[in-house]
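I have placed the structure first, in the form of structure tokens, so that the comments after it can refer back to it.
The values are calculated or read from the model by the stated rules, or taken from the named source; none is laboratory data. Only a predicted model underlies this, so the values are computations on that prediction, with no experimental measurement involved. A quick note on method: Cβ atoms are made from the backbone with ideal geometry, for glycine too, and the neighbour counts reach across all protein chains shown. Surface areas here come from the heavy atoms of the whole protein model, side chains and all, with no ligands, DNA or RNA. Shrake-Rupley method; radii C 1.70, N 1.55, O 1.52, S 1.80 Å.
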Amino acid sequence: MFNNLFLDIDAGTINWSRAQFALTAIYHWLFVPLTLGLAVIMGIMETYYYRTKDQFWKDTAIFWQKLFGVNFAMGVATGIILEFEFGTNWSNYSWFVGDIFGAPLAVEGIVAFFMESTFVAVMYFGWKKVSPGFHLASTWLTGLGATISAWWILVANAWMQYPVGCEFNPDTMRNEMVSFFEVALSPFAISKFCHTVTSAWIIGAVFCVGVSCWYLMKKRDTKLALESMKIGAWVGLVGALLAGATGHKSAQDVAAVQPMKLAAMEALYNGGTDVGLTAVAWVNPFVQPDYTNEESAPLKIEMPYALSFMATNDFHGFVPGVNDILNGYTTPDGKVEPSIDEKIERGKKAIAALAAYRQAKFNSSDDGTTAAYQLSVLKENMPYFGYGYIRDKSEVVPFIPINFWAFRIMVGFGCLIILFFAVVLAGAYGFPKGLWQKRSIENLPAWHYWVAIALIPLAYIASESGWLVAEFGRQPWTIQDMLPTWAAVSDLQSSSVAITFFLFLILFSTMLAVEINILLKQIKKGPEYSE
């Protein structure tokens, strides 16, 4: 069955299915980080109200909660569609690993989603119906529910990057979970969650500061703008510094279990020890480089030893390059990593052994000896099962330009945003003597405020770039080393998937336009102050 299964699917179906899922994920991620970021900011504002009983803080919290609500609704709508696509476009994937992948999604739906929907209702409609303490708890629990929801979604994604806690059952032809806690508490999942959530705080903070700067530019609602700016900048600065720290840990996880992704991020064709981190290099953004014939990317400027340290916490650590991974290598401590060609052969052995095992298992004349032998061959080669579907070793090299440039956009804009928050906080509390000492932050020239507003889309670009690295970097794998994309899709007509792609493009673009329009109207209307 596995000898022929999945291999006759039209290439157009694979490409359109990938494009549709990427489209849905990209649009979904426009809404999620703003939800997570604003949840923290509005929670802090309501906490000020609870402690001070100052009506100003209640009005401020209500204003930001309205913006949160618009975005929250859009995020839920796109997220539901995203989960449905696993069953429609990726049914082979869902069948093969549904016992494992479905568990965190089920927990997310049962626990986190109901938690969010319950407390968000109290947050919006309970101001006059519940005590201030209970309402404050509901606001924080709404944000916590959204964060828990993100946790389980990221657990599922992390498992695709680093499949643990599972075992292949040759009798059912499925991967089955053997340890829920290994899946839920995978080091890869913890790093991904911490990095993703703290980066989401940045989006919420940049949005908060940008909106506040618009009010300052219009010379209206000045107190709300200044106080919101302070809170937003503090949340953003803390989030940005934590995102940098967790990003370092995430890079070490990638180096350990997805070395090809790290090599693609760095355009590292030939690795070794004492490897430098590339600051800039010329990597054609549209063409896969000839990594087999190039020593390194041209015009390369690097920080000595930095990549070795980032990947291994050792300035002299070994980091494999693309060619090392393709051809096999031996680490300085003696660990031997097989070549991709060898992995492909062992993967084919695993597939053949599975077919022979099933044939012997259901052959009444077999005394069990053949089945037992084939099962031993399968278990020996199972770690390379997915490689049996790889036709050429070049297929395991992701598109280097996207990974290389997306990583630099993410890091570059991240550094810019840290500087931005530091300047905003300096201005919000009074610029240092000698630096704009005749200016306060509420009477700067208009272009300063436009810079803050322009950073909102740049922050989103940085966030989406991070996801591009995470997902493009593990290609061609749907599940790392276990299932390539062409073995995971549903057997559909490519025209059907193409039609739904454009329908979703129109739908999601309309939803985004509607959200932006509602947000702009609400921002223009401004807060409603109590008498």
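For Y124, the accessible area of its heavy atoms, probed at 1.4 Å with every protein chain present, is near 70 square angstrom. Spin-label model, F502/I461: points 7 Å from Cα along the beta carbon direction are separated by 2.9 nm. The calculated FRET efficiency for T510 paired with A422, based on their beta-carbon distance and R0 = 41 Å, is about 0.60.
The slack in the chain from W282 to R391, taken as 0.36 nm per residue of separation less the alpha-carbon distance, amounts to 36.3 nm.
Remark: C-alpha extents of the chain on the principal axes read 88, 54, 42 Å, sorted largest to smallest.
Tally Lys and Arg at +1 and Asp and Glu at -1 over the other residues with C-beta under 13 Å from the C-beta of G133: what net charge comes out? Residues near G133 contribute +1 overall. Check every DSSP H run in the chain and write down those whose alpha carbon atoms cover 15 angstrom or more along the long axis and whose mean Kyte-Doolittle hydropathy is -0.5 or greater. Flagged H segments are 11-52, 55-88, 91-107, 114-125, 132-161, 187-217, 222-257, 369-381, 400-428, 446-472, 494-525. With a Förster radius of 22 Å applied to the beta-carbon distance between R174 and E83, the computed FRET efficiency rounds to 0.65. If the chain linking A121 and K361 were pulled fully straight, counting 0.36 nm for each residue of separation and taking away their Cα-Cα distance, it would gain 80.8 nm.
For F309, F404, the ranking by accessible surface with the largest value first comes to F309, F404, using a 1.4 Å probe. Using a cutoff of 8 angstrom between alpha carbon atoms and counting only pairs six or more residues apart, the relative contact order for the chain works out to 21 percent.
Each stretch of four or more DSSP H residues adds -39500 (n - 2.57); spread over every residue of the chain, this sum gives -23000 deg cm²/dmol at 222 nm.
I26 contributes about 70 Å² of solvent-accessible surface, heavy atoms of the protein only, 1.4 Å probe. Find how many whole Å separate the alpha carbon centroid of region 347-390 from the alpha carbon centroid of region 460-523. Comparing the Cα centres of region 460-523 and region 347-390, I get a distance of 36 Å.
Of the residues K524, K335, K129, ranked by 1.4 Å probe accessible area with the largest first, the sequence reads K129, K524, K335. With a 1.4 Å probe rolled over the protein heavy atoms of all chains, the accessible area of V76, V451 falls in the order V451, V76, largest first.
A 1.4 Å probe run over the chain, with the rest of the protein chains in place, finds 45 Å² accessible per residue.
Atom-type composition of the exposed protein surface of the chain places 65 percent of the accessible area on carbon and sulfur (1.4 angstrom probe).
For the peptides 380-392, 489-501, residues were scored by their other Cβ atoms within 10 Å and the scores averaged per peptide; the highest-first order is 380-392, 489-501. Within the shell defined by Cβ-Cβ distances under 12 Å, the residues around S494 carry a net charge of -1, with Lys and Arg each +1 and Asp and Glu each -1.
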